[in-house]
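Here the structure comes first, spelled out in C-alpha cells, and everything after it is commentary.
The values are calculated or read from the model by the stated rules, or taken from the named source; none is laboratory data. Quick caveat: nothing in here was measured; it's all calculated off a predicted structure. Quick reminder, even Gly has a Cβ in these numbers, built from the backbone with ideal geometry, and neighbours come from all protein chains shown.
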Amino acid sequence: QSIRAWKEQLIHQDEIDRYLVDGKDFIDEEQINAALEKNRHSDPSRIREIIAKAFSIELMSSEDVAALLQVTDPDLRNEIAEAAKEIKKQVYDNRVVTFAPLYCGSKCVNRCAYCGFRSDNKSVIRKVLTMDEIREETRVLAGTIGHKRLIIVFGEHPETDADYIAETMNTIYEVKVPVRNGMGEIRRVNVNAAPLPIQDLKKLQKAGIGTFQVFQETYHHETYSKVHPSDTLKGNYRWRLYALHRAMDAGIDDVAIGALFGLYDWKFEVMGMVAHARDLERLYNIGPHTISFPRLTPAVGTNFDHSKHQVSDEDFTHLIAVLRLAIPYAGMIITNRETPQIMESVIDMCTQRDAESKIGIGDYADTYRKEQIAEREQFMLNDTSSLDQVIQKLAKSGHITSFCTAGYRCGRTGDKIMGLLKSGKEGCFCKLNAVLTFQEWLEDFASEETKEIGEKLIQQEIAEIRERVPKDFSQASFTKFLADYKKIQ
Ligand code: SAM
Ligand code: SF4
C-alpha cells in the first residue's frame, strides 16, 4: 500500500464532526485567555479556598485552575505543592508505578519540527522492529530488568499501522522468561501512537491494550499549525484532539492525555489539558486515566528553537502541582526526559515514572551499552538510572514501587476505577497488590541492598494495611478480593 493511499483512508471526517459542539472544538482560546487574564492576581485567601476545594477530588473549574496557575509567590506556590502531595497520598497512597518505553519503529511520515523522527531528518537511523526483535527486547525488559508494564511507541507510518501495533502487543504478552523464582512477563502494554480511526482502535482493544496515550503536543491552534506542517497527517489538529474520544468509542476506556511543554505558553497548555479532561467527562463520565507533561529536550538533527517557551524548573514544578489539584483523580506520569534531581523533587505529586529506559530502536537487546547513541533516538534522556537504583531510591524515601496490573485484569478500569479513586477506596485495594507485587519483584530481580531496604518498607506497609482496612470492607469482600487476586496472577 502506498503512503498516499494509506494516508487518504486514515482520517475519517465524521469521526471528528460528531464530537464538535456547534461546529466548535472544546478548546475555546478566547475563554482560556480571558480566564487567565481575569485571575491574574488573586488574594491568597482565594487561593487557599481553591486548595481546600481540591480535596473533594473533582475536576476543577477553569477559573480556579487559572487562579492557581497565576500564583508567583514562592510561599503560596509551596502551599499548592504541599496540597498536591497530600492529594496524591489521599488518592494513590505512597505507591509509584514503574514502566519502560519500548520504541518499535522510527519511520514516520510527519515532520514535527521538534522531533528527531520527522521524515526529513537524515541524521536518524530508520528501523521497524520485526516480531523476533520485539521478542528479544521483551526478554530483556521482562527477564533481565524486571519490568511488568511497557508503553510501546511508534512513529506514524504504514509499516507500523494498527495491525502491526496489535501484533506487537500479542507478541509481547506471549513472552515468558524464567527468572530467579518464577516467570518474568509483561502484564500490561500501553500504547503511544498516532491518532487512529475507530475501526483500528477496536483492533488494539481486542489485542488487550492497557492505556491508549496520545499527546496533543500543543492545544494552541496557531502554534500547532506552525510545528506540524498542514500537508502532513499530524497537521490535522482536530483529528488528534479527538483521538481519545474515538478510543473511548472503540471501547478503550483508559486513555491518557498530555502536552509537550516548551512549544507554547505553559499556562495555556494546562488550561487545555483541563478542558480536555472536562470534555471526556462530559461525554463518557470518565476523565483521563493518566496525564503527561513531557518537556521538550534536544533531538539529533533538529534545530528547533527551545528558548521562546522554555519552561523553567520552578514553573515546571508549579504546573505539576496545579495539574495534581486540577485533575486530582488522574495518574500523573513523569519521565526520564527530566534529570534525577527534578524526578526526585516532583515524585511525591506523581504516580508513575519510567526507569532504565532506552529510547533507541532495538537498544534493550543491545544491552547494556551505557552511552546513548543520538542517531538512534527520538530525543535525549536525562535520567539513565537502572530500575534497581530507582526502586532503591524510592524505597529509601518511603515510596513503594507497585508492579500491580490487576486493576486492568480484573475489570477495574474506566468508570469503575474512577469511582474507587474518588472515594479513596482504591488505596486499600492497591496497597495490598503493591506489597505482593513488590515482594515478587524483590525476590526475582533486586540487588541484595535493594532487597533489604525494600523488605523493611514492606513490613511498614503490612502494619498500615492492618490498620486501614475500611470499616465497610467485610470479611466476605476481603475473601473475594484475595480469590480474584490469585486468579489474575
Ligand atoms: N508518533 C506518535 C505521535 O506523534 O503521536 C507517537 C510517538 S512520539 C514518538 C511520542 C511523543 O514524544 C510525542 O507525542 C511528543 O510529545 C514527544 N516528543 C517528540 N519530540 C520530543 C522532544 N524533542 N522532546 C521531548 N519529547 C518529544
Ligand atoms: Fe513522527 Fe510522532 Fe515524531 Fe511527530 S512526534 S515526527 S509524528 S514520531
Identity of the residue in region 283-318, within 30 Å of residue 18 (Cα to Cα) and in a helix (DSSP H, G or I), that ends up farthest from the chain's Cα centre (by Cα) | 283
Inspect all residues belonging to region 38-52 and state whether any of them is surrounded by 14 or more Cβ atoms within 10 Å (Cβ to Cβ), farther than 19 Å from residue 275 by Cβ and under 25 Å from the mean Cα position of the chain (by Cα).
-> yes
Kindly check whether there is at least one residue in region 83-102 that is within 16 Å of ligand 2 (Cβ to nearest atom) and closer than 30 Å to residue 146 by Cα.
-> yes
Does at least one position in region 322-329 carry a residue that is modelled with pLDDT under 95 and over 13 Å from residue 80 (Cβ atoms)?
-> yes
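Test residue 107 against the criterion of being away from ligand 2 (no atom under 16 Å from the Cβ) and within 30 Å of residue 358 (Cα to Cα), and give yes or no. Show your work before the answer.
Working: away from ligand 2 (no atom under 16 Å from the Cβ): no; within 30 Å of residue 358 (Cα to Cα): yes.
It is false that residue 107 is away from ligand 2 (no atom under 16 Å from the Cβ) and within 30 Å of residue 358 (Cα to Cα).
So, in region 1-16, how many residues would count as being part of a helix (DSSP H, G or I), of a type outside the set (S, T, N, Q) and either more than 27 Å from the chain's Cα centre (by Cα) or closer than 20 Å to residue 155 by Cα (or both)? Break it down into steps so the answer makes sense when it comes.
Initially, region 1-16 is screened for residues part of a helix (DSSP H, G or I), giving 3-10, 14-16.
Filter once more, so that each one left must be of a type outside the set (S, T, N, Q): 3-8, 10, 14-16.
Now restrict to residues that are either more than 27 Å from the chain's Cα centre (by Cα) or closer than 20 Å to residue 155 by Cα (or both): 3-8, 10, 14.
Total satisfying the criteria: 8.
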Quick one: in region 140-177, which of the residues that are among the acidic types (Asp, Glu) and more than 16 Å from ligand 2 (Cβ to nearest atom) is farthest from residue 201 (Cα to Cα)?
-> 174
Between a first residue in region 301-314 that is at positive phi and a second residue that is polar (S, T, N, Q), which pairs have beta carbons less than 7 Å apart while being 6 or more apart in sequence or on different chains?
-> 301/121; 301/123
Conditions: (1) within 14 Å of ligand 1 (Cβ to nearest atom); (2) at pLDDT below 95. Residue 237 meets all but one. Number of the miss?
-> (2)
Can you confirm whether region 70-85 contains a residue that is surrounded by fewer than 16 Cβ atoms within 10 Å (Cβ to Cβ), in contact (Cβ under 8 Å) with a residue 12 or more places away in the chain, more than 10 Å from ligand 1 (Cβ to nearest atom) and acidic (Asp, Glu)?
-> yes
Flagged in region 111-139 as closer than 20 Å to residue 168 by Cβ and near ligand 2 (Cβ under 10 Å from one of its atoms), in numbering order, are 117
Output for Cβ contacts, cut-off 8 Å, separation at least six or different chains, first residue at pLDDT 95 or above in region 199-211, second of a type in the set (Asp, Glu) and in a loop (DSSP other than H, G, I, E, B), reads 200/161; 210/254; 211/254
Here the qualifying pairs (Cβ atoms under 9 Å; residues six or more apart or on different chains; first in region 217-234 and in contact (Cβ under 8 Å) with a residue 12 or more places away in the chain and surrounded by fewer than 20 Cβ atoms within 10 Å (Cβ to Cβ); second among the acidic types (Asp, Glu) and assigned to a helix (DSSP H, G or I)) come out as 221/29
So residue 156 clears everything in (1) among the charged types (D, E, K, R); (2) more than 16 Å from ligand 1 (Cβ to nearest atom); (3) not in a helix (DSSP H, G or I) except one condition, right? Which one?
-> (2)
Complete set of residues in region 118-138 that are out of contact with any helix residue (DSSP H, G or I) (no Cβ under 8 Å at 6 or more places or on another chain) and closer than 23 Å to residue 352 by Cβ | 137
